[in-house]
Structure formats: C-alpha cells, structure tokens
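K.L.:
Before I ask anything, let me first share the structure, which is written out below as structure tokens.
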Amino acid sequence: MSRQAPAVLDAGQRHPVRFTLNGRKAGGEAEPRMLLHDFLRHVLGATGTHVGCEHGICGACTVQIDGAPARACLTLAVQADGAEIRTVEGLALAPDRLSALQEAFRAHHGLQCGFCTPGILMSLDALLRERPDCGEAEIRETLSGHLCRCTGYTPIVKAALAAAEALRVPHHA
Amino acid sequence: MTLDVHAQTVGEGGWVGISIPRVEDAALLAGRGRFIDDLGMPPGTLHAAILRSPHAHATIESIRTDAARAMPGVAAILTGTELRALTTSLVVGVKAPVECWPMAIDRVRYVGEPVAVAVATDRYLAEDALGAIEVSYAPLPAVVAPLDALRDGAPLLHEGFPGNIASDRSFSYGDPDGAFASAPHRIGVDVDYPRNACTPIETYGVVAEYDPALDAYDVLANFQGPFSIHAVIARALRVPGNRLRLRTPPDSGGSFGVKQGIFPYIVLIAVAARLAGRPVKWIEDRMEHLAGAVSATNRVTRLQAAVAEDGRILALDWDQIEDCGAHLRAPEPATLYRMHGNMTGAYAIRNLHIRNRVVVTNKLPTGLNRGFGGPQIYFPLERLISRIAATLGLDPLAVVRRNLVPADAFPYRTATGALLDSGDYRAALDVALRDGDHESLLARRAAARVEGRLYGIGYAAVVEPSVSNMGYITTVLTAAERRRAGPKNGAQATATITLDPVGSVSVHVASVPQGQGHRTVLSQVVADVFGLRPSDIRVVTELDTAKDAWSIASGNYASRFAPAVAGAAQIAATRLRERLARIAAAQLNARADELVFSAGKVFSPGNPGNAIPFTRLAATGHWAPATLPEEVEQSLRETVFWTPPQLDAPNDADEVNSSLCHGFIFDFCGVEVDRDTGEIRLDRYVTMHDCGRILHPGMVAGQITGGFAHALGAALLEEQSYAPDGSLLTGTLADYLIPTAREVPEPVILHYETPSPFTPLGAKGVGEGNTMSTPVCIANAVADALGLADIRLPLLPSRLSEALHGAEPQPPHHEARPPQATQGERTLFGRGRASVDATPEQLWAMLLDPALLARVVPGADNVRRESDTRFRAEVTLGIGPVRGRYRAEIALSDLDPPRAVTLSGSVDGALGFGRGRGRLRLVPVGQARTELTYDYEAAVGGKIASIGGRLLDGAARVVIGQFFESLAVQASGRRPSLWRRLLRLFRRRA
Amino acid sequence: MKPARFAYQRAATTEHVLEALHRSGGEARVIAGGQSLVPMLNMRLARPALLVDIMHVAALSHVDDDGARLTIGAGVRQRDLEMRHDTAARQPLLAMALPWLGHVQTRSRGTVCGSIAHADPSAELPLVLTALRGEVHLRSRRRARRLPAEAFFTGMMVTARAEDELIEAVSVPAVRPGTGYAFREISRRHGDFAIAAFAAVADEKELRLAIGGVAETPKARVLPTDQGLDDALDTFAWNLEARDDLHASARYRRELVRRIGREVVLAAIRDREARALKEAT
Ligand SMILES: Cc1cc2nc3c(=O)[nH]c(=O)nc-3n(C[C@@H](O)[C@H](O)[C@H](O)COP(=O)(O)OP(=O)(O)OC[C@H]3O[C@@H](n4cnc5c(N)ncnc54)[C@H](O)[C@@H]3O)c2cc1C
Ligand code: FES
Ligand code: FES
C-alpha cells in the first residue's frame, strides 16, 4: 500500500470534529453516525439551522458547505471535518444589522412561521453571490429545493428579486 | 416602500390597516427563533423514540422489551400495559362504548400507531432500543375505503361501533321532499374526496416532566389549541386541570390545525416522563409525522339538487360518509359539523336534507387541518353548480348569480342556522370578473380551442366561516342528548394588557400563533388605542396554563385571531385607556372623554401644549395609587374575556350558527392540459376575498398565498395514500408531494370589504378560504378543458390519461401483456418453470429437509424444523443498499407426494413483512428429470412499503422467483453462474 | 430518523478504498455525496458496519477528456460537472440531463458515479450513460474491468458491481460531428425522480432512444427513422413491462413512451441538423 491507511473512526465512539463555522473555529465530538444538523444544533448550540424531514427534501436544514448550499441532514458531522460551514447565524452584518437579503424578506413578508427561512436564506445567499443578475426563473429553480408551507412562495420570490436588485445597486445610503 | 415602526405618528387611520414590518422577523431571520427544539432543557432530560405498528390491523400477541431495557443509555420502555395502568382512555366525541388510547393497548388499527416508547439518554440510543423491542402481531383483515367499511362482513375496528359506524344522523330543513317532487330537474354529483394533510415544516415536539410529590405534570408542547383539549389531556392523565401545566414555546413552525393533533402524544410523553422519573423530550420525525400525526378526513358524498329550469336550486340532498380513520379522536367528528350552518354555501337555498355518517377505517385518525370540513363540502357543491350549468346548457356564472344570497338579505340566516354577518356577493363577483379580467380568459380559451389545445375555465364561490362556535360539535348529538349533556356554545377570546412601573405596555393573548404575525397586529391595534408606536408595545403570545388567562376556545384555529382575539385586545386596551383618561382628567383639569392619546402624550384637544407623557400617566398606578380618582380601582392591568352573543348552542331543530363570521370568496381560473402528458398548467388564477376589515394587508396577502399553495397541493399533488391492505404508501416527502416554488404561481388577489358587524374590529377570518375554493375551482377548469363529468382529486396526469388518450390499443400480438395490477395494489403474482436433473421423489425429499431448505431460502440461516411441515428461519435479505433481517416461517400444505405441494411463507422484520403462497408441481420427464412449475401470490407491507413501494415490489419478485428457481438449482446440483451471482447478493451474512 | 452505528474512514488514496472494501467482507460501503445513502441510513434501511469516504481521494476527482471520451472520476460532484465551462460542448446530453437531477442543494454534494452506483431506475445519469453507450470503470484489489452500461445495470438498484469493487469512473463518448441529442423528463414535480425520462442520440448511422423510469433499468433501442417509428415505439412501450405505482399507471407510462418518445427522437434529429448547419458554417 502506498501510504498508511487513515484511521478508522470506531462506531459508538466519539471523535473530534473541527471546522470553520461562520468564519470562526468550531469543534466538538461526534460519533461517526451523528448528522451535521444535530452536531450544529445540539453540540455547538447553533439552533438557527432547522430540521424538517431528515431525508433531504424539505430544505430546512440547508447550510453552506465550502460555499455551496447543501443539506445538513444528509451530511455526517465527521464528513464536515475541516470544511467551511456557513449557517443563518452568519448572515447578518452585525447583531442589529441584517443583510440585504434578510432585509428584503422582512420588507416583503417573505416569512411567516420562519421555520423554513434559514435554509432558504442559505440557498438564496449562495445564488445571489454566484449569479447576481438572476431572474425569477432561477430564483424559483433554487427555491424548488425547499418546502415552505406558510407563504405560498410568492412573497419569497418577491423578496429574493428585491434583494438581487438591492445587491446590484448597492449602498445608496 | 415599508413603513418605519419607529416613526412618531401615522396618518389619520392609525397603525391598523398598514403593512408594517413584523416584530417577529428580525429574530427569525437571524436564526434566533425560539422553537421547541431550540430551547434549553432541564438537566437530565431524556429522549424518547416511538415504535410504531407496521400493520394496518393486528392483534398484539406479545411485546418483549427486556433486550431493549438492557441496552446502554436506556432508561425506560413504555408499552400499552403501563399506559393503561397510569392513564384513562381519551374521551370520544360521540356516545358509544369505545376507548381511544394514545398508544395501542392490545390491538393496532393503523400503520404508524404507537406500540411502545423507548426513553434513553439521546435520540440515537432511543432509536437503537426500538430495534430491540420484539412485538409479535397476529394480522387481521383491514378495511381502508369508507364504503367498504360499511359493507356487511367488513372487518370491525371497534366493538362499540357496530358496522364501523360511529354516528349516523339525518337532518331536514324546510321541505326538501316537496321541492324534489315538484322540481323539473334532479342533478347530482358523486364525490370521493381524498385524504391530505397540511404537514407543517416543523414537526411535533413535547417536553414533559412529572412531579410525584404534587402528582402534577408540567408539559411544554408546540400545541396550538383549542385549549378545550387541556381538559381532555388532564382527564386522561388522571389529574385535575390545575395539576397539568401546559406551556407553548415562543415560536412554532406552522400548524394549519395539525398541531392540535399532538395531544395524544402529550399524554404519551407525560407518562413516559413519569415512568422514567426524569424529564423526557420527544421531537417527532417526518416519517412519524406522515404516518402518525393527523390527517384531514376523506369523505364520500352524494349530493343531489332539485333544480328549476333557470338553474335555481330549490333543494339539496346531502349524503355524507365521513372517514375519521381508526379512532374518533377529539374533537372529531367536528370536521363534519364545522360547516353545518353553511351546507348551502354562498347560496340562498331553503330546503335541504342531510344524512351524516361517520365511519372508522384502518387509517391514521383525523383532526384539525386548514379548511376543516370546507374542502369536503365545497368540492361537491361547486362541482354541482358546474354540472347544473352543463346539464341545463347554462353559463356557470349565471347559475352562480341566480343562487347567491342577495345583498339586501344580510345578516342572512341560512336554512341550517348560520347567521351570515355581512356581504354583497354579487357585487364582489362583478368586481372580480372586471378587475380579474375575466374577458381575456374567455378569449384565451376560445383561441386555444381553435388551435386544438385543451383549455378550460373554472369557477368557485364559497363562504368562509371563522371563529367557531364551541357548541357546533354537539350537533352530532340528538336534541335530547344535548339537553342531558348541558349546553355548549360560545368562543371566548382573552387578552390582558399590563402597564409596568415605567409605563410601558405589554399585551398577552392566548392565541398561540404559528407564524401569523399576531404580535405585530396586536402591537398595531394597541398602539392605536394608546396613541403609541407599535414598537412601544411588547406582545407575548405563548401560553402557560398555570399563569395566563385562557379558556377552552383559546388557541389558534378557525381563523379566530383577527376577528376575535385582536378585538378582545382592543377592548382591554380601551378599558385601560378609559381609566388612564380619568387619572389624566384630574391632572389636566379636563373631561376624561375628550382627552386625546397621541404621539406618546395625553392632552386635551383645546390645550395640546399641556400634555402628560403617556409613560408617566401609565406608571401612576404603581407609584402613586393613592392619587387615583375614587372610581378607578387600579390602572395596572386589564383582562378581557370576550365572547360574541351570536354564538348560541344548537337549537332543538338542529339549527346552529356554527361560526361567527362569514367571509366570501369568488375564484376563477384558466388551465391548459397538455394533450400528450396530461400535465396541468395553471394559466391564471384570480381570487376575490371579502374578509371584512383588513388589519394588515401584507399578512392578509400572505394568508391567501399560503392557503392557495395548500389548496394547489390538494388539487394537483397531495394525497395520503393507503394500499387496499392498509399499508401506507406516502411515508416520506418523496411520495407525499408538497408543491414547491416551481409549482405555485402567483394568484391575482382582489378584495371587496364589508366589515363584520359582529366583531370589535370588523375583521373576519381569511386564512382558510382558498383551501375551500381553490381545489374545486381548478377541478372545474380541468373538467371544462376535457369535457369531464366526473373528476377526482388530486388531478394526477396519469389519471387523466384515459380521458385524453381513449382506450389503449392491444399490444402487438407477439408482445406479451404483462400481468396487470390495479393502482396501489400490493399483491404480486408470478409464475415460472424450471427443468431439473432429479426425480420428483428426490425433489420431494429435499423439501422436507431443513438443511436443504436453508440453501434454498434466499439469505437464510439457522433453519429450525418445528414439525414435519413447518420450519422457522432467520433470513437476511438485501436489495441494493437496503438490507434487513427477518424472521421467516415456511409451511408445507396440501401435500400430494411427490406431485404437488403448497408452500406458504411469511417474513417479518423491522423493514416490513411479506406473506406468500405458491403451488409447486413436479412432473417427471423421462427417467431422471423433473419439470418443476410454480405460481405464487404474495403480499408485502410495512415500513419499506411506505418508503419505497417500487423497490419493495421489485425485491419481492426477485426473492420469490429466486426461491423456486434455486430449489431447482439445488436439486439438480447445477449452479449456473447467474444464480451464483444472485445467491451471493442475497446471502449476505447478517 | 437517526442512523444505526457504523465506523467511518476517510480514505486518502484509491488503494485505501479498495483495501477497506476488500477487508470488510461486504460490510463496508462507499460514501460519496451521501445524497442517496444518508437518507437510507437515517431510515435505517441500510446498516453498513463501515463507511469509506472517497471524497478526499485526489486521484478520483478529475474529469479527463482525451478528445474521444470524457472520463468522470468518482469524486466528481454533479454540480461540478454542470458548472464546468465545456460540458455542454463536450457532451450535450450530460448538460441537458444534469439540471433535472434533484436540486442544486443535492447536486452540490451528490456525485456522478454515486448516482450510477445507486442505479435507481428513474435516475437521469444511468439513463444518459445507457443512451450514450457509456462504460463503468470498476476496480477492486483483484482486478480492474470496464462494463458497458447495459451490462452494469441488472435490476432495480441492483448492479453488476461486486461488493469489493469501487466505481473509479464512468466514461462516455465525447460529442461527435453529425450527432444530435435530446432529453426530456416527465415527473410529478420538478426535481423528482422521473415517471419516464427520455434520452435520444441521432447520428448518420442510427437513431437510439433510451428510456428510464419505466422498466427496472434504463433500456435503449435503435429505432427506424421511417414510418415504422410509431410501431417500433409501441413495441418498445410494451416491452418495457411498465408497472403501476403511486404516481403513474403502467398505461400512462406506455402512453408517454409512444408520445414523448416520438417527440424526443424528432428533437434529436432536429438537433443533429442544427449542429450540422453550425459545423458547416
Ligand atoms: C431531495 C433529493 C432529490 C433527488 N432527486 C434525484 C433525481 O431527480 N434524480 C436522481 O438521479 N437522483 C436524485 N437524487 C439522488 C442523487 O442526489 C444522488 O446524488 C445520487 O443518487 C447518489 O450520489 P451520491 O454521490 O450522493 O452517492 P451516495 O449517496 O454517497 O451513495 C449512493 C450509493 O452508491 C454507492 N456508491 C457511491 N459512490 C460509489 C463508488 N464510486 N463506487 C461504488 N459505490 C459507490 C454507495 O455505497 C451507496 O450505496 C435525489 C436526492 C435527494 C436527496
Ligand atoms: S431536514 Fe434536511 S432537507 Fe429536510
Ligand atoms: S414560513 Fe413557515 S414554512 Fe415557510
């Protein structure tokens, strides 16, 4: 064999997991089977990321892993070791200053119960960064990876379009 | 543009009626919501997981829990035995000798019914423990469809419901018989309304604690009310109400009625906590939710109308068969009676006959869901309108217009007793057609049809009731039964306003919102009363039954917030203002009734320069109570209980004003159906609402778009499906399909406001209407596009195939027609043959030899012979990554040595179960060869059926086919490479 | 919905992966993007003893283009391929199919080879591989071999891969002059697995249509371009032995094969002509 095989993390034992969370170092211990959302919420106390299905469909658990939106419920905490993770807690510019996307959601009533919202924000944040000139079709395409039972999506689409606009014409303040 | 909540003043009208940003949002957007699973737990809190029935109907023969109890981290295992010892059955809404337990006691009646609870130090370990609980079931025949449940000889669910009927009541209003006898036309529809559920994205959650010293329970749950259920829970837990403290978390991730259905789980987790002697937390997972939370009712309806030549409806005859699932759980059969006052919809129809039957079936029990009973009646009613138009050759709009309640008739008492508070339905309809550009839709349809495209237009007119009369449910009882039980009526709303020592204002209501922005609206309402800014008002909406003012109607359902709760808050604030005005009057030397509360100050209009700051005035009651005028007892706090006088108990003629307010909705839409694929494209959807006075336009719009999306799901995608054997087929969100942003277009929303004279603010409910109007509006449009008389929801393209494509031509004759199974059917059939180098006698000997059977049964080990013809084994079966271990039983019967034998087998394990029978025939060919033929029939179900039906069928076919063929292979001693490969696949060691 | 216990190993080289698969006697599973495996773990449908994470094996994370074939390594995520600047130019059918595969949030993790390994009969990539006569590159400690798609997919989620074999890569022929492509999928919602999916390749020699979602594996047929097309599609439709399920009846699926199958082959022919025109100018 070319190199020493990497260690096997035993089942039923806890192992250290470290990654960057919203720009800061974060770490804790997890069994190999622990899902990333449980690690974020219950080990690190970052409860902003929600859980709605644990089989990849509702999108509530969406976080950014190395910049791309992904399901925390389909990721093991040990897989995220060494990665860069961003969650809804990292979106605001300051504790009392929401980002343009968050502000747009507020202005356009893009949320009701707010349970689906963190995941949706993480997907849209990535979309707006990758494609600042995106239109309604792309927004709906990205949103199709999320379920919202409250809003009927119309206000979310409006909020996203407004945020895209605000980001294209920044800082008129 | 959005308004600044911090602005000092607003225009004339005040804050109410303006879309200010919601106070709820800043925290929710930043990930600082406080949902139940986000809150800190008492130290030592344990976690529960629930074992659920894989069978639709079965007797529990035994439950073995010792292995599970011995597992690491496991603190307690709760089964029906302990539950029965510590609790009392939940009350049932009809008079019948039946019990309703939150967990199966000795019999399971639906897939997903709780069977045991494991409590451990974390959820992972609790789920591990579930795997070690061994339950032995004796399956019983199941009944799934309501009409089947009524058949003679149908499997009986409860001895106390003979014929599976929980209730059968008939009602007559006016002279329906006379009207039918004399009417020129009798037109009807038959409807089989499907099951669906509103499935909030946050699932159920409960944290419970038991204090043995006080014999008291403390429960935190994302329950939504009505708090009449508090009494049901306390009774089940055998404690007085004051020993059940029920609290709700500050945020709740949607409910739409569904979180009412958490209450059996509150009982279950409370008992688990008692048993474990520690706090216990349970967060429901999505598969539990889909199988075991709550569903709306499905209903079979025959609706007939006596119709005049001009389309006027002279009488209705309703025959409704309501399917409440396996148990009649509180408040059922409320779904059937919630609309009782509104059985004539938006129409003035004086004669009607109603027969209401409630049946039980082997499906998930039902409960509150957005629309609650509305979709089930408006689908037949508005399909009927469209059938009347088609049958009589009239324009559907003409039929609607001819029958609408006229504007001068309000408040209008319907034949069944509802008092429609306000409205001008014809005017609203005309405005909708004009502003919604109905003309252009007609033109688009005409143009599409010229091009041969399938385009249709649908309409629906509905009355949306809100603020339920807590007494409507007693309509299910006869008048005599009601007299014995005592009257039930009303809709108490409560609100408390508190002024603190620095003069800031707090509001508490028992409304338990799940995203409807109650805190924002209340801050607007109260700010207007006190002349403050919404940001000055702090609103608390979570409920603690040990501390807060509440009553049975408290909670968030029946769209009662804006009409009732916000009104109660306004009354409380106004009363407090009156007292403050008296205090100020003394200080300002002015008359109390002329004082103005504005911009944070109180002054006399004649002398605005001499003003008292509101905060100082509000603090007076704390710092200088002795200075209060004589007649002002205190100025610190005001609690209002408000119930509308219009909500009487049902009378002896079974008339009931089932709801306080009645909004009006008129919808129309255009759809296009793809000729090849049957896919439905919603071209344009217009929805007109009269919801009384609008308190916050942004939130009203949100309620409409949200309700519309639910309704679109019900129309096109969503159905909770069960196979004929009761297996749940929609156990994941990959099969229970919820619409996404790609499926939900933006509806055109229009308003026509007629304030309700019966509510303090003139508001009516608005959250449920589209779930009532939209499914049938879309169905009417599709029926129009395809010229269909009969149409069933959800409108699957596949179901339209027959109508679109006609009868399918026979296959080219050299192509075998594959075996046909009806949709959702879970029985598999198969046959095969093999030629073996052995005599029938040799083969026969093999069948009776456990060692050889072990080689033949795919994946078997440890085959034990129970008798000459019965064997038991452990088998491991795997298809792709799906692998499970099962207990198998194999029996030989109808032995005809060495010619034929019937093999029956069953497998049972965590992933599911299967039963099959096959007849094997051995025919000698020449000296040492046998032709072996077999045919089989197999049924499979359980967990995997609800996750991946496709996969399951494929697996069963492979396994069964392999069994017979490997028998042949074993016998002949040949091992063709194909079989070697397959055997390797299935014979993985456990 | 929490997984049962398993051990985890993050492999750094292909040899580590092969060694782990070899040693475990069928108890180890590769985890790539996890988008199909983790739901099954969460539901406890799959209970492996060891997961071998292949996403940190540098040697597996390439797309190789030798001019004639694109070889896509096991570490290549679906989204990477979708966003690669020249995927549409080098193999249009891949670019057409990828946006139908789940959602951006699952494509960002899920791998191309993982979808092939999972072998869902409704999945897009197995269909494309079949339509293009692609190959699956398998390697174990014992041997390395390549299987054509049609030999690889043997049943519903069942493949010819031995338990100790890793799919190292899949390869498809690169775009060829004079060839047209078309893809279409019918599903209940966008992003759902297909009720029926169609991929067609038309060149001067043949017209090939592959269909997914109907039979237990994707199936391909060479179809006549003349008036025999409808009969051939009808025969194809019946031969697929469609079955009823929750989302669609067998009859509806056959109808789609006849109607949409026809549209898709015609679209491939049109695409060929359009490409020929472009090549000419
Ligand atoms: C919400 C949602 C929607 C989806 N929609 C679709 C869809 O429309 N169409 C579609 O095709 N898919 C869909 N998928 C599944 C798709 O996203 C997966 O990416 C894909 O099926 C598997 O790829 P993966 O890399 O995630 O593999 P994993 O989940 O990691 O593995 C899947 C299986 O393949 C094995 N495996 C993986 N890689 C290898 C390898 N190199 N060698 C040997 N074995 C290997 C694993 O052991 C496992 O058994 C969806 C998934 C989700 C969650
Ligand atoms: S919780 Fe991860 S997608 Fe639903
Ligand atoms: S806001 Fe409630 S689910 Fe989206």
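K.L.:
Could you size up the charge dipole of the stretch B:381-430 around its Cα centre, putting +1 on the beta carbon of Lys and Arg and -1 on that of Asp and Glu, and report it in debye to the nearest 20?
P.N.:
The calculated dipole for the stretch B:381-430 is roughly 240 debye.
K.L.:
Is there a quick way to get the dipole size of the stretch B:247-401? I mean about its Cα centre, with the Cβ of Lys and Arg at +1 and of Asp and Glu at -1; what is the value in debye to the nearest 20?
P.N.:
Roughly 460 debye for the stretch B:247-401.
K.L.:
With every protein chain left in place, what is the accessible area of B:S598 in Å² (1.4 Å probe, nearest 10)?
P.N.:
40 Å²
K.L.:
Shifting gears a bit: Spelling out what I want: for every residue of the stretch C:17-25, take phi, set θ = phi - 60°, compute 6.51 cos²θ - 1.76 cosθ + 1.60 (Karplus), and round to whole Hz; glycine and proline get x.
P.N.:
4, 5, 5, 5, 5, 5, 6, 7, x
K.L.:
Which loop-located trypsin sites (Lys or Arg not before Pro) does the stretch B:105-190 contain, where loop means any DSSP state but H, G, I, E or B and the Cβ has at most 15 other Cβ atoms within 10 Å?
P.N.:
B:R151
K.L.:
So, one more: Per the Kirkwood treatment, what hydrodynamic radius in Å, one decimal, follows for the protein assembly as shown from the mean inverse distance over all distinct Cα pairs?
P.N.:
One decimal place: 33.9 Å for the Kirkwood radius.
K.L.:
Picking from C:L101, C:L70, C:L127, whose Cα lies most toward the positive end of the charge dipole for chain C (charges on Cβ: Lys, Arg +1; Asp, Glu -1)?
P.N.:
C:L101
K.L.:
Cross-link list B:K363/B:K943; C:K219/C:K278; B:K281/B:K363; B:K943/C:K219; A:K158/B:K764: which exceed 19 angstrom alpha carbon to alpha carbon?
P.N.:
Violating the 19 Å Cα-Cα cut-off are C:K219/C:K278; B:K281/B:K363; B:K943/C:K219; A:K158/B:K764.
K.L.:
What order do C:D164, B:D192, B:D25, B:D894 take when sorted by accessible area (1.4 Å probe), most exposed first?
P.N.:
B:D894, B:D192, C:D164, B:D25
K.L.:
Starting from the residue with the highest accessible area, list B:D544, B:D784 in decreasing order, probe 1.4 Å.
P.N.:
B:D784, B:D544
K.L.:
Indicate the gyration tensor shape class of the stretch C:7-53 (rounded, prolate or oblate), computed on the Cα atoms with a ≥ b ≥ c the square roots of the eigenvalues: a/c under 1.5 is rounded; otherwise a/b larger than b/c is prolate and the rest oblate.
P.N.:
Verdict is oblate for the stretch C:7-53.
K.L.:
Taking the stretch B:198-250, which trypsin sites (Lys or Arg not before Pro) meet the DSSP loop condition and have no more than 12 other C-beta atoms within 10 Å?
P.N.:
Those that pass, being in a loop and sparsely packed, are B:R238.
K.L.:
Quick one: what are the phi-derived ³J(HN,Hα) couplings along the stretch B:895-901, Karplus 6.51/-1.76/1.60 with θ = phi - 60°, whole Hz, x for glycine and proline?
P.N.:
After applying 6.51 cos²θ - 1.76 cosθ + 1.60, I find 6, 9, x, x, 9, 7, 7 Hz.
K.L.:
OK, next. May I ask for the net charge around A:L74, where only other residues with Cβ less than 9 Å from the Cβ of A:L74 are counted and Lys, Arg are +1 while Asp, Glu are -1?
P.N.:
In short, +1.
K.L.:
Add -39500 (n - 2.57) for each DSSP H run of 4 or more in chain B, then divide by its residues: what number comes out at 222 nm, to the nearest 500 deg cm²/dmol?
P.N.:
Computed ellipticity for chain B at 222 nm equals -8500 deg cm²/dmol.
K.L.:
In chain B, what percentage of the DSSP-assigned beta bridges are antiparallel, given to the nearest 5?
P.N.:
85 percent
K.L.:
Apply the Karplus parameterisation 6.51 cos²θ - 1.76 cosθ + 1.60, with θ equal to phi minus 60°, to every residue of the stretch B:771-784 and state each ³J(HN,Hα) to the nearest whole Hz, in sequence, with x for glycine and proline.
P.N.:
5, 8, 8, 5, x, 6, 5, 5, 4, 4, 5, 5, 4, 5
K.L.:
Taking every pair of Cα atoms in chain C, average 1/r, invert it to obtain the Kirkwood radius, and report Rg/Rh to two decimals.
P.N.:
Rg divided by Rh gives 0.98.
K.L.:
Can you tell me the 0 to 90 degree angle between the C-alpha axis of helix B:374-392 and the longest principal axis of chain B, rounded to 10?
P.N.:
90 degrees
K.L.:
Here is a further query. Whats the longest run of chain C with zero GluC sites (Glu not before Pro) that are DSSP loop and have at most 14 other Cβ atoms within 10 Å?
P.N.:
C:1-203
K.L.:
Rank A:T154, A:A137, A:L101 by how far each Cα sits towards the positive end of the charge dipole of the stretch A:100-172 (+1 on Lys, Arg Cβ; -1 on Asp, Glu Cβ) and give me just the farthest.
P.N.:
A:T154
K.L.:
Now for a separate question. By how many nm would the segment from B:L147 to B:E61 grow when fully extended, if each residue of separation counts as 0.36 nm and the alpha-carbon distance is taken off?
P.N.:
Full-extension gain reported as 28.0 nm.
K.L.:
Something else: What's the long-distance tail for the stretch A:15-90, i.e. % of Cα pairs beyond 16 Å?
P.N.:
Tail of P(r) above 16 Å: 38 percent of Cα pairs.
K.L.:
In the protein assembly as shown, if the dipole is taken from +1 on Lys/Arg beta carbons and -1 on Asp/Glu beta carbons about the Cα centre, which of B:H185, B:S904, B:A845 is farthest to the positive end?
P.N.:
Among B:H185, B:S904, B:A845, the one farthest towards the positive end of the dipole of the protein assembly as shown is B:A845.
K.L.:
Calculate the mean, over all residues of peptide B:790-802, of how many other protein chain Cβ atoms lie within 10 angstrom of the residue's Cβ.
P.N.:
Partner-chain Cβ atoms within 10 Å, mean over residues of B:790-802: 4.
K.L.:
Using the Cα centre of the stretch B:492-642 as the reference point, and only Cβ charges (+1 on K/R, -1 on D/E), how large is the resulting charge dipole? Debye, rounded to the nearest 20.
P.N.:
It comes to approximately 240 debye.
K.L.:
Moving to a separate point now. In the stretch B:218-242, which residues have a backbone nitrogen under 16 Å from the label point lying 7 Å from B:K547's Cα in the Cα-to-Cβ direction?
P.N.:
Backbone N within reach: B:218-221.
The values are calculated or read from the model by the stated rules, or taken from the named source; none is laboratory data. From a predicted model like this one, the values you see are computed outputs, not experimental measurements. No Cβ is skipped: glycine too gets one built from the backbone with ideal geometry, and neighbour counts run over all protein chains shown. Ligands, DNA and RNA are excluded from the accessible area calculation, which covers all protein heavy atoms including side chains. Shrake-Rupley method; radii C 1.70, N 1.55, O 1.52, S 1.80 Å.
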